[in-house]
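Working notes, structure below.
Here, each number is a calculation from the coordinates, and none is a lab measurement. Remember, it's a predicted structure, so these values are computed and weren't measured experimentally. Note: ideal-geometry Cβ built from the backbone for every residue, glycine included; neighbour counts use all protein chains shown.
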Amino acid sequence: MNTSKVRVRFAPSPTGPLHMGGVRTALFNYLFAKKNDGDFILRIEDTDQTRFVPGAEEYIIESLKWCGLGPAEGPGIGGEFGPYRQSERKALYKGYADQLVKSGWAYIAFDTPGEIDALRKEAEAKKETFSYAIGTREALNNSLNLPEKEVLKKIEAGENYVIRFKMPEDVDVTEEDLIRGQVTFNTTKSLDDKVLFKSDGMPTYHLANVVDDHLMKITHVIRGEEWLPSMPLHVLLYKALGWEGTMPRFAHLPLILKPVGKGKLSKRDGDKMGFPVFPLEWKDPKTGDVSQGYREAGYFPEAFINMLALLGWNPGTEQEFFSLDGLSKIFSLDRVVKSGSRFDPEKAKWFNKHYFQQKAETELARLFKPVLNGKGISASDDKITRVVAELKERCEFVTDLWGQSHFFFTAPGSYDEKTVKKRWKEDTPEKLLAIADIFETVGDWKADQIKETFSAFMNEKGWGFGVVMNPLRLCLVGGNIGPDLFVICELLGREETISRIKTAISTLK
RNA sequence: GGCCCGUUCGUCUAGGGGUUAGGACGCCAGAUUUUCAUUCUGGUAGCAGGGGUUCGAAUCCCCUACGGGCUACCA
């Protein structure tokens, strides 16, 4: 067993934006590395040139950065095991594929995609499935059946070929998965002769992955459950390459499922239900479609990470709030759950609310300021901080702030109809005018002073508080939202308060 | 279809032979807040089904059902 320093990698392929499931895989890798004083590295698996999407790699790197999951090695960062982009390692893989052919673990196959496709269709018509494997490979166009001379001739003639793994017959491959325990696969029952090296000169995932993990001294492969079925192939590959002694250990993470309905979480679910599935906003370079991001939706990275960490993992205690550092100290793979987890957007919001409430008012004000500026409003930091302080506990997102506070910065342009109907009575203007007058007499324009003067007057008149306060609120904010009425008065200032009362009266009269 | 993995409140989960099956989100109710929201307190709700093993099963075994993944010269 490998006892060297723990090294794990996150190995996405740049075929689009990083999905939150991918972020979670990165997170668990990161946490495992930190917990074990190991290295977390990023490797870009871009062996499929046809699926390359411009900007995807940058997106991945920026997403990890936003989440605080900085790799120790990777593209643009460097490290002694580079390059970290598989396309830049291209020259490396062919030798290993050839070695496999030489040792009899692999063979050369000349069948064209068209031919194989036809075979597949043919089998399908008979309600069977074609697989290139023992039982069919004997009759196909490959180096197992062709004389060596013929094979050489074809290659020299420039004929396209792939290199396939020669899956051994009827072997039970048993390997321990760190999350699931022992898993056994029978080679004949469940595995075919996978392509290791493509006709375009690139390795497939299987070869590149094993070669790179070996060369990069990866000790633990932590990846999504969709890879579990290919674990035996990889185990066999390590064996075939003579790397059994340093083979990494495997851990297959459960998938993140749709909030409702069947299947794994997809981009569509987010669009349909209005929650982000990507960490950052993504604009598809081809279609121009924009997908929502957690960052843009107003989530704090620490909330996003905290939520993700608890989706499929738990500390075994009742603690729910964790910083990345906190997680790094206690994370362990044996507390990863085996079954897929449905994602709950409500819980994500709840996490964000928690972190929002934890933030200092000045910090929140700093974040809110650009929002205000974007609306053409400039206000002193002091005022913004005061406003934020009053509204903080009724919000979950920085993006909620405006909806709760616009009236502090701009006078209401209209009045909520429902509220008008419910609260604005015939004698309301007269009463509010009296209040405006009494406001002129408030000594020190502070919330409690205003309240005191107001209450004294109300008691003297014998008016019901609700009858006056609700319409007053309507005048000042345009609806029935906002914090304590007297606080609103104070922050608005005496002049503005009275002016808004008068404007409302003349508008609603 | 084949192969593999899984299944505890609606959701995330604890619990791994003896528990009143615990917590969280959501939801509902009450209290506070002269609005709304917040906050607090309480409540609702679960071991997929059937067989074993055992004095005793949510827990171990088998079967069934259901869910999920894989089954590309994609990762």
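Laid out as a table, the results:
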| quantity | calculated |
| --- | --- |
| Label-point separation, A:Thr507 to A:Trp445 (7 Å along Cα→Cβ), nm | 2.0 nm |
| Separation in nanometres of the label points that stand 7 Å from Cα toward Cβ, at A:Ala434 and A:Asp325 | 6.0 nm |
| Loop-located GluC sites (Glu not before Pro) in the range A:403-509 whose Cβ has at most 14 other Cβ within 10 Å (DSSP) | A:Glu426 |
| Neighbourhood charge, 9 Å Cβ-Cβ cut-off, centred on A:Met216 and excluding it, Lys, Arg +1 and Asp, Glu -1 | +1 |
| Listed peptides A:201-210, A:328-337 by packing density, highest first (mean Cβ within 10 Å) | A:201-210, A:328-337 |
| Hydrodynamic radius by Kirkwood, which averages 1/r over all alpha carbon pairs of chain A, in angstrom | 27.6 Å |
| Computed E for A:Glu176/A:Lys217 - FRET, C-beta separation, R0 22 angstrom, nearest 0.05 | 0.65 |
| 12 Å beta-carbon shell around A:Asp37, net charge (K/R +1, D/E -1) | +4 |
| Nonlocal amide H pairs with A:Phe10, under 5 Å, H built at 1.01 Å | A:Ile41, A:Leu42, A:Arg43 |
| Distance cut-off 23 Å, percentage of C-alpha pairs in the range A:279-371 lying past it | 37 percent |
| Residues whose placed amide H lies under 5 Å from that of A:Asp416, excluding near-sequence neighbours | A:Gly479 |
| Cβ charges +1 (Lys, Arg) and -1 (Asp, Glu), total dipole of chain A, debye | 500 debye |
| Residue-by-residue Karplus 3J(HN,Hα) for the range A:133-145, coefficients 6.51, -1.76, 1.60, Hz, glycine and proline x | 7, 4, x, 10, 5, 5, 10, 10, 7, 9, 5, 6, 10 |
| Environment charge at A:Gly82 (Cβ cut-off 15 Å; Lys +1, Arg +1, Asp -1, Glu -1) | -2 |
| Top positive-direction residue, dipole computed over chain A with Cβ charges, set A:Leu237, A:Gln86, A:Ile60 | A:Ile60 |
| Helix-only CD estimate at 222 nm, as mean residue ellipticity for chain A, using -39500 (n - 2.57) per DSSP H run (n ≥ 4) | -14000 deg cm²/dmol |
| Unit charges on C-beta of K, R, D, E only; dipole of the range A:160-317, Debye | 300 debye |
| Ordering of A:55-68, A:182-195 by packing [mean C-beta count within 10 Å, highest first] | A:55-68, A:182-195 |
| Relative contact order of chain A, defined on C-alpha pairs under 8 angstrom at six or more residues apart (%) | 12 percent |
| Full-extension gain in nm, A:Glu363 to A:Ser266, via 0.36 nm per residue minus C-alpha separation | 31.5 nm |
| Farthest toward positive dipole pole in the range A:428-509 [+1 Lys/Arg, -1 Asp/Glu at C-beta], among A:Ile450, A:Phe486, A:Gly464 | A:Gly464 |
| The range A:378-428: trypsin sites (Lys or Arg not before Pro) in DSSP loop, at most 16 other beta carbons within 10 Å | A:Lys425 |
| Within the range A:10-101: Cβ-based charge dipole about Cα centre, in debye rounded to nearest 20 (Lys, Arg +1; Asp, Glu -1) | 180 debye |
